[in-house]
1. So how do 108-116, 94-102 stack up, highest first, on mean other-Cβ count within 10 Å?
2. Residue by residue, what Karplus-based ³J(HN,Hα) values in Hz, rounded to whole numbers, does the stretch 155-168 have, using 6.51, -1.76 and 1.60 with θ = phi - 60° and x for Gly and Pro?
3. Order by neighbour count: PHE64, PHE132, fewest other Cβ atoms within 10 Å first, most last.
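Quick note: the coordinates plus some simple rules give every number you see, no bench work behind them. From a predicted model like this one, the values you see are computed outputs, not experimental measurements. Glycine gets a Cβ as well: all are built from the backbone with ideal geometry, and neighbour counts include every protein chain shown.
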Amino acid sequence: MQDLETEGGIAARRAMTRHERRAPLMRRVCRAMAKGATLAEACRDPMLPLAQEVARWAAEDVRFAEMVAAARAAGGSEHLARPGRPGTWSKALASEFLARIAAGRGLAEVCAEDGMPTHTTVYRWLRTKPQFAVAYAEAREMQADLLFDLAWLIARQAREETVRVSRLMVDTIKWRCARLAPRVYGVARAAPEGAAKAAPARPTQVEIRRWAKTEDGTLEEVPGQVFPYVWKDRGWRP
């Protein structure tokens with residue numbers, strides 16, 4: 001314990017305690033993987049941690065990462081490993097991910113690149129980190145602006161022999177823009193703030209008058225025979 005206090009102090013002692021607490025569970029997971037199970041299959045045991053939890057432990061502790069890699073190799077599931085896929089949150093990683101989204105790339109495209117988190121990791125961040133969710137929505141709106149300009153470029157460069165393909169591309173971009181930024185590119189845009197509200201519809205009113213034919217054949221209104229009606233409850237009411 002003296003060595004720990006000298007080298008790393010409280011942080012080192014906590015790291016050792018955390019490792020000792022997780023090691024038995026990690027060994028059970030690795031034994032199942034060494035027999036041919038994938039990480040997801042091994043973690044279906046309700047007495048073991050979830051697969052994403054095991055992946056986080058491996059990302060935080062190189063000893064666990066080596067155990068998992070050896071178990072995959074022994075069980076023949078090494079090809080299922082996803083190296084270079086960080087699952088631990090970091091501001092730098094999130095900023096790089098959002099920059100690629102804002103540059104016009106799709107979620108699946110960015111998540112398939114080396115060094116980027118998987119889509120499940122991104123969804124977890126969206127659920128658990130409100131600031132990241134807000135930044136992600138802003139990046140998507142920036143993406144819509146970029147795609148809008150791209151549609152104009154495609155339309156300008158269209159030629160007679162490519163007009164059908166260009167129209168398909170522009171229509172697809174319009175559809176994406178309307179969903180990425182509906183307040184800007186949607187079909188039904190909200191009225192600007194401060195605009196005058198439309199006056200409420202006034203009830204429609206009619207009058208029914210009674211007429212009578214005179215001796216010379218003309219029509220005259222019968223006095224006192226005026227009946228006003230108003231359209232109410234899907235019918236004319238007196």
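1. Values: 108-116: 13.0, 94-102: 17.6.
In descending order of packing, they fall as 94-102, 108-116.
2. 5, 5, 8, 5, 10, 4, 7, 10, 5, 5, 5, 4, 5, 4
3. On the way: PHE64 22, PHE132 18.
Ordered from fewest to most neighbouring Cβ atoms within 10 Å, PHE64, PHE132 come out as PHE132, PHE64.
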